[in-house]
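Peer 1: Quick one: structure below, then a few questions.
The values are calculated or read from the model by the stated rules, or taken from the named source; none is laboratory data. Just so we're clear, the structure is a prediction, and the values are computed from it rather than from any experiment. Neighbour counts run over all protein chains shown; Cβ positions are idealised from the backbone, glycine included.
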Amino acid sequence: MNRFILAFAFVACVQAGYSQPSSSEKGLKDYYKNLFPIGVAVSPQALKTDEAKLILKQFNSMTPENAMKMGPIHPTESEYFWTHADSIVAFAQRNNLMMRGHTLCWHNQTPNWLFTDANGNPASKEILLQRLKEHITSVVTRYKGKVYAWDVVNEAISDKPDEYLRNSEWLKICGEEYIAKAFQYAHEADPNALLFYNDYNEINPIKREKIFKLVKGLKDAGVPIHGVGLQGHWALNEPSRLQLDSTLTRFSELGLKIQITELDISVYPKEHNARERKAEDYNSTFTKEKEAKQIEVYKMCFELFKKHKNAISGVTFWNISDRHSWLDNFPVRGRKDYPLLFDKDLKPKKAYWAVVEVPK
Ligand code: XIL
């Protein structure tokens with residue numbers, strides 16, 4: 001009798017079109033266990049809320065969203081602030097999650113003291129490289145054996161089509177050499193860590209080739225680099241299947257590992273620069289149309305990740321759920337976005353069920 005009722009209920013659900021998990025015990029990491037680890041960017045605060053339980057069920061890798069960046073972790077020359085990064089690493093250790101480190105050298109969230117000498121003048125190349133070495137050595141040594149992979153240099157390529165490297169303080173003071181040096185310092189501090197170059201808008205054919213050229217150049221010069229991180233901050237309107245497929249094919253040709261390091265699918269057309277809020281930004285409803293398109297894009301991305309599974313060694317989401325995402329404040333401050341696979345109540349969205357279908 002009970003079995004009859006259960007079977008009836010099941011048929012009713014299927015007819016109603018509800019997605020049924022094959023097992024509610026399984027998380028993303030379990031569906032993808034034969035393909036690659038599934039990670040998530042976290043804050044130390046999130047690990048003290050109900051989000052911690054979700055992380056443990058769904059993910060087997062973590063990246064600190066901000067806690068290991070130069071500014072937060074090294075606010076003045078003589079002072080490191082370890083508390084937040086330590087607590088994230090301790091959580092990973094306690095619960096057997098893999099840890100990615102993010103990031104050792106970037107032009108953003110970088111403390112001002114780094115580029116200035118004792119007299120308030122721009123630091124010399126020699127001083128800046130010495131500081132970079134000291135910084136990387138301290139951070140990588142502290143988490144040696146606990147962080148398995150590092151985003152060593154982040155976003156060094158320019159977005160301007162006719163400019164190769166971003167005209168950052170790093171480039172202005174050191175020239176291109178700072179990039180190879182950062183990898184060398186990280187490798188010396190932890191020879192077992194996997195070292196990545198990480199960047200965004202990697203699906204753009206012009207930027208893609210510049211990233212390819214940089215990483216290939218480093219590899220050919222014998223610099224210890226083991227992979228390329230494609231951030232994967234995408235949207236409903238891009239990438240197309242063809243664009244993503246050719247991006248993954250192109251980066252596979254490097255013969256290094258690829259990781260998708262910061263995946264999210266914004267429900268707004270992609271923009272890469274912060275801007276003022278306009279009247280039309282006030283309508284931030286997650287409509288059925290947006291939901292349907294997002295399901296399609298997520299499905300397409302994971303189908304292609306599966307296709308390129310031999311090159312891809314990790315996929316990390318940038319934030320946990322639609323409760324909070326950095327895209328709520330970027331590119332438009334205060335415009336709510338819905339870019340992830342879990343809703344604000346931490347329930348799997350329909351896109352989640354589309355993604356877990358892919359490996360089956
Ligand atoms: C973002 C964080 O998510 C925000 O909390 C912070 O205010 C700014 O940085 N590319 C990167 C990440 O490599 O470090 C950025 O993270 C998002 C874009």
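Peer 1: Within segment 143-158, can you find the residues that are part of a loop (DSSP other than H, G, I, E, B) and within 13 Å of the ligand (Cβ to nearest atom)? First the steps, then the outcome.
Peer 2: Initial filter on segment 143-158 (part of a loop (DSSP other than H, G, I, E, B)): 143-148, 155-156, 158.
Answer for segment 143-158, where residues must be part of a loop (DSSP other than H, G, I, E, B) and within 13 Å of the ligand (Cβ to nearest atom): 155, 156.
Peer 1: Here is a further query. Which numbered condition in (1) part of a helix (DSSP H, G or I); (2) farther than 23 Å from residue 154 by Cα is the only one that residue 71 fails?
Peer 2: Against the list (1) part of a helix (DSSP H, G or I); (2) farther than 23 Å from residue 154 by Cα, residue 71 comes up short only on (2).
Peer 1: Let me ask something else. Looking at this structure, is residue 229 surrounded by fewer than 16 Cβ atoms within 10 Å (Cβ to Cβ) and either within 16 Å of the ligand (Cβ to nearest atom) or touching a residue at least 12 places away in the same chain (Cβ under 8 Å) (or both)?
Peer 2: No: the conditions fail for residue 229.
Peer 1: Go through the residues of segment 273-281 one by one and say whether even a single one is over 20 Å from the mean Cα position of the chain (by Cα), within 12 Å of the ligand (Cβ to nearest atom), assigned to a loop (DSSP other than H, G, I, E, B) and surrounded by fewer than 19 Cβ atoms within 10 Å (Cβ to Cβ).
Peer 2: Within segment 273-281 (the criterion being over 20 Å from the mean Cα position of the chain (by Cα), within 12 Å of the ligand (Cβ to nearest atom), assigned to a loop (DSSP other than H, G, I, E, B) and surrounded by fewer than 19 Cβ atoms within 10 Å (Cβ to Cβ)), the answer is no, since none of the residues qualifies.
Peer 1: With respect to residue 289, determine if the residue is away from the ligand (no atom under 16 Å from the Cβ), free of Cβ contacts under 8 Å to residues at least 12 places away in the same chain, part of a helix (DSSP H, G or I) and not β-branched (Val, Ile, Thr).
Peer 2: yes
Peer 1: How many of the residues in segment 160-202 are farther than 21 Å from residue 101 by Cα, of a type in the set (Asp, Glu) and surrounded by fewer than 16 Cβ atoms within 10 Å (Cβ to Cβ)? Please lay out each step first, then the result.
Peer 2: If we filter segment 160-202 for residues that are farther than 21 Å from residue 101 by Cα, which is where we start, we get 160-169, 171-177.
Okay, now just the ones that are also of a type in the set (Asp, Glu), so 162-163, 169, 176-177.
Filter once more, so that each one left must be surrounded by fewer than 16 Cβ atoms within 10 Å (Cβ to Cβ): 162-163, 176-177.
Within segment 160-202, residues that are farther than 21 Å from residue 101 by Cα, of a type in the set (Asp, Glu) and surrounded by fewer than 16 Cβ atoms within 10 Å (Cβ to Cβ) number 4.
Peer 1: Condition first: part of a helix (DSSP H, G or I), over 20 Å from residue 129 (Cα atoms) and away from the ligand (no atom under 16 Å from the Cβ). Now tell me which residues in segment 184-214 satisfy that.
Peer 2: Let us first name the residues in segment 184-214 that are part of a helix (DSSP H, G or I), namely 184-189, 205-214.
Keeping just the survivors that are over 20 Å from residue 129 (Cα atoms) gives 205-213.
The answer is 205, 206, 208, 209, 210, 212, 213.
Peer 1: So how many residues does segment 173-183 have that are part of a helix (DSSP H, G or I) and in contact with a strand residue (DSSP E or B) (Cβ under 8 Å, 6 or more places away or on another chain)?
Peer 2: 5
Peer 1: Checking the conditions here, which among 314, 334 is of a type outside the set (Phe, Trp, Tyr) and in contact with a Phe, Trp or Tyr (Cβ under 7 Å, 6 or more places away or on another chain)?
Peer 2: 314
Peer 1: Applying the selection to segment 88-110, what residues are more than 19 Å from residue 60 (Cβ to Cβ) and either acidic (Asp, Glu) or surrounded by fewer than 18 Cβ atoms within 10 Å (Cβ to Cβ) (or both)?
Peer 2: 107, 108, 109, 110
Peer 1: Quick check on my filter: what residues within segment 81-117 are in contact with a helix residue (DSSP H, G or I) (Cβ under 7 Å, 6 or more places away or on another chain), part of a loop (DSSP other than H, G, I, E, B), over 15 Å from residue 140 (Cα atoms) and more than 12 Å from the ligand (Cβ to nearest atom)?
Peer 2: Across segment 81-117, the qualifying residues are 111, 117.
Peer 1: Can you name every residue in segment 309-360 that is surrounded by 20 or more Cβ atoms within 10 Å (Cβ to Cβ) and in a loop (DSSP other than H, G, I, E, B)?
Peer 2: Within segment 309-360, 311, 318, 319, 320, 322, 325, 337, 338, 339, 340, 341, 349 meet the criteria.
Okay, residues lined up against (1) in contact with a Pro (Cβ under 8 Å, 6 or more places away or on another chain); (2) at pLDDT below 95:
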| site | (1), (2) |
| --- | --- |
| 249 | no, no |
| 257 | no, no |
| 260 | no, no |
| 263 | no, no |
| 268 | no, no |
| 273 | yes, yes |
| 279 | no, yes |
| 285 | no, no |
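Peer 1: Can you run down the residue pairs with Cβ atoms below 6 Å, 6 or more apart or on separate chains, where the first is in segment 194-207 and within 14 Å of residue 249 (Cα to Cα) and the partner is part of a strand (DSSP E or B) and within 12 Å of the ligand (Cβ to nearest atom)?
Peer 2: Filtered contacts from segment 194-207: 202/230.
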